Ligand code: ACM
């Protein structure tokens, strides 16, 4: 495919939902991608041509992501795409991009156990978030876990992995319940009653999107104290905490590569740039940061290759590094996933995530969890350096 295929620009297909259950997080991902495009274009684009976003709203309906990926490729002439939050959506896009030999950037943590030569994975897989989180929770809260999840592939698979990791450290799962992605507050009542009865030390939540807001609020309203028994998660993020409210969110825990409160020059510049474009940095999340760095890394690869040849672009991307807001990262040439930082943060009284622990250096992705060892030195956590609140 030649550079002329897109005319006088580089088209980038964007598939993030503006409506439906996961719109809150996906809007922040879309903003991350648009911010990167704006930064690249304002500096003259790639090889003198701008990146042009071509965007559709799949409405948080998994099959729509597949249909719209096909439309982007066959009708809009797009061969580079970024998008998806839920793994169920990614699984719909996968056969389309493989059949069409397009290149798809996925900026979301997920359950692992997948590899496609047509995907560049920018979010954490279990060895980069579940293992450090399990180690932190076992050390600080106890051994009795209760799992609550949305009912689709990521929560079920992620819980399977988490159960194995916890067992390694002497933990046990005393309850495991699933609800539809569209669950409302009332749907959580019987789960909360079971939690009150069984008295776990910690809740591990794989509830996503609007369900997260409903679950955390219901937990607070049922009288549970998150400072004593927190809900720990890999997905609950700044955009959702801002909807939950500080009072109901304080004490809860999330593991992610990036939080808005980390105090690095690159992160401060990212937040300023985001706030200039969107009015406030309140909705910046780890998945937003991932969309942001993936578009920048793609642009640099395009600049070096100056062609839409997918095989050659992939060669440029694999092994490439970038100084992201979270710190230095690298796309692993072994598996198309990304070396990422790992941090554990707790929500404070103001509703900000304050980083409590972090690993020393980015963790090599191990999507098939070949070495799920709680004692591996690479996952060892240290006190976080000077946690600060976002200004
Ligand atoms: C997810 O479904 N990968 C959060």
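The values are calculated or read from the model by the stated rules, or taken from the named source; none is laboratory data. None of the values given here were measured: they were computed from a predicted structure. Here the Cβ positions follow ideal geometry from the backbone for every residue, glycine too, while neighbour counts run over all protein chains shown.
Residue-wise test of (1) in a helix (DSSP H, G or I); (2) more than 16 Å from the ligand (Cβ to nearest atom); (3) surrounded by fewer than 24 Cβ atoms within 10 Å (Cβ to Cβ).
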position	(1), (2), (3)
188	yes, yes, no
191	yes, yes, yes
196	yes, yes, yes
208	no, no, no
214	yes, yes, yes
219	yes, yes, no
229	no, yes, yes
236	no, no, no
255	no, no, no
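If you check 175, 170 for being away from the ligand (no atom under 15 Å from the Cβ), part of a loop (DSSP other than H, G, I, E, B) and surrounded by fewer than 21 Cβ atoms within 10 Å (Cβ to Cβ), only one passes: 170.
If you check 279, 251, 245 for being touching a strand residue (DSSP E or B) at 6+ places or on another chain (Cβ under 7 Å), at positive phi and surrounded by fewer than 22 Cβ atoms within 10 Å (Cβ to Cβ), only one passes: 251.
For segment 297-321, residues that are surrounded by fewer than 19 Cβ atoms within 10 Å (Cβ to Cβ) and either in a loop (DSSP other than H, G, I, E, B) or within 18 Å of the chain's Cα centre (by Cα) (or both) total 6. For segment 88-134, the tally of residues that are away from the ligand (no atom under 13 Å from the Cβ), outside any helix (DSSP H, G or I) and more than 27 Å from residue 166 (Cα to Cα) stands at 9. Number of residues in segment 274-292 that are farther than 15 Å from residue 82 by Cβ, out of contact with any helix residue (DSSP H, G or I) (no Cβ under 6 Å at 6 or more places or on another chain) and in a helix (DSSP H, G or I): the value is 3.
The residues of segment 76-98 that are surrounded by fewer than 20 Cβ atoms within 10 Å (Cβ to Cβ) and under 22 Å from residue 307 (Cβ atoms), listed by number, are 76, 77, 98.
Tell me whether segment 141-149 contains one or more residues that are within 15 Å of the ligand (Cβ to nearest atom) and closer than 18 Å to residue 29 by Cβ. Within segment 141-149, not a single residue is within 15 Å of the ligand (Cβ to nearest atom) and closer than 18 Å to residue 29 by Cβ. Restricting the search to segment 243-253, which residues are in a loop (DSSP other than H, G, I, E, B) and over 18 Å from the mean Cα position of the chain (by Cα)? Scanning segment 243-253 gives 245, 250, 251.
Residues in segment 69-87 that are away from the ligand (no atom under 16 Å from the Cβ) and part of a helix (DSSP H, G or I): 69, 70, 71, 72, 73, 74. Within segment 99-108, one or more residues are within 21 Å of residue 24 (Cα to Cα), out of contact with any strand residue (DSSP E or B) (no Cβ under 6 Å at 6 or more places or on another chain) and buried (at least 19 other Cβ atoms within 10 Å of the Cβ). Of all the numbered requirements in (1) more than 10 Å from the ligand (Cβ to nearest atom); (2) assigned to a helix (DSSP H, G or I); (3) surrounded by fewer than 21 Cβ atoms within 10 Å (Cβ to Cβ), residue 137 misses one, and that requirement is (3). When every residue of segment 331-344 is checked against the conditions, none turns out to be at pLDDT below 95, more than 20 Å from residue 13 (Cα to Cα) and surrounded by 17 or more Cβ atoms within 10 Å (Cβ to Cβ).
Residues satisfying the criterion are present in segment 150-160 (criterion: in contact with a helix residue (DSSP H, G or I) (Cβ under 9 Å, 6 or more places away or on another chain), within 16 Å of the ligand (Cβ to nearest atom) and not in a helix (DSSP H, G or I)).
When residue 266 is tested against (1) away from the ligand (no atom under 16 Å from the Cβ); (2) assigned to a loop (DSSP other than H, G, I, E, B); (3) modelled with pLDDT of 95 or more, exactly one condition is not met: (2).
Checked against (1) in a helix (DSSP H, G or I); (2) at pLDDT below 95, residue 25 passes all but condition (2).
With respect to being in contact with a strand residue (DSSP E or B) (Cβ under 6 Å, 6 or more places away or on another chain), more than 26 Å from residue 382 (Cβ to Cβ), touching a residue at least 24 places away in the same chain (Cβ under 8 Å) and not in a loop (DSSP other than H, G, I, E, B), residue 240 falls outside the description.
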